[in-house]
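*Asks:* Can you read through this structure? Questions will come right after.
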Amino acid sequence: MIRMIRTTSSNDALPSRAGRREKRNNIKVRMLFIGVIQLFANVAFGADKHPFNLHDLHRIHAITEPSLSPDGRWIAYTVSKHDVQADKTVSELWRVSVDGKREQRLTVAGEHSDYTPQWSPDGRWLAFLSDRGADETAQVWLMRSAGGAARALTAMKGGVSDFVWAPNSRELALIAADDPEPDPASSDPQSG
């Protein structure tokens, strides 16, 4: 069961100063993100002028899931592209400084995809979903916020579909699927 818990009374009609500041920061991040997308689009399609075709469609990289670092200096995001040879879409993680002057690829798309980057509240870690494991289900992976080798945090049989950091940066809340192939003996009422 899911419960909705109200954290403010109905008398709190106006948002707090911190709430208004957070809303302004979210708007700034979205505007910066749109600017980055437009910059990529201009560079990618401004050079050669010809009618748009199927090859052009496969060259488009989708930039999604922006996540602002707690210190407000970096944006982590997902870049998805179509791998024509494998006939599938693969995703990798990038980060860019808020001023747009520095960018860094954090993961490299290959046979797997990495997506849904989320900064830890203390800013030291970046967690994300990836299907890079042996069973190809999405699991939570973790790397230092500046990049480097990632390690698996979960190994849920049905995979993880979403997660969120706890305020202490030491725990995650997960949305995970049930075991896709439950043991038939454990569900048989006559077996014991």
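*Asks:* Placing +1 on the Cβ of each Lys and Arg and -1 on the Cβ of each Asp and Glu in region 108-175, which of Trp141, Ala109, Pro167 has its Cα farthest towards the positive end of the resulting dipole?
*Replies:* Highest projection toward the positive end goes to Pro167.
*Asks:* Only residues of region 78-99 count here: report those whose backbone N is under 12 Å from the spot 7 Å along Cα→Cβ of Ala177, or say none.
*Replies:* none
*Asks:* Here's a follow-up. To the nearest 0.05, how large is the calculated FRET efficiency for Ala155 and Ser97 if R₀ is 25 Å and r is the Cβ-Cβ distance?
*Replies:* Here the calculated transfer efficiency is 0.15.
*Asks:* What number comes out for the charge environment of Asp114, summing +1 per Lys or Arg and -1 per Asp or Glu over other residues with Cβ under 9 Å away?
*Replies:* -1
Readers should treat all values here as calculations from the given coordinates under stated rules, not as data from a laboratory. Values in this document were obtained by computation on a predicted structure and should not be read as measured data. Don't worry about glycine lacking a Cβ; one is built from the backbone with ideal geometry, like all the others, and counts go over all protein chains shown.
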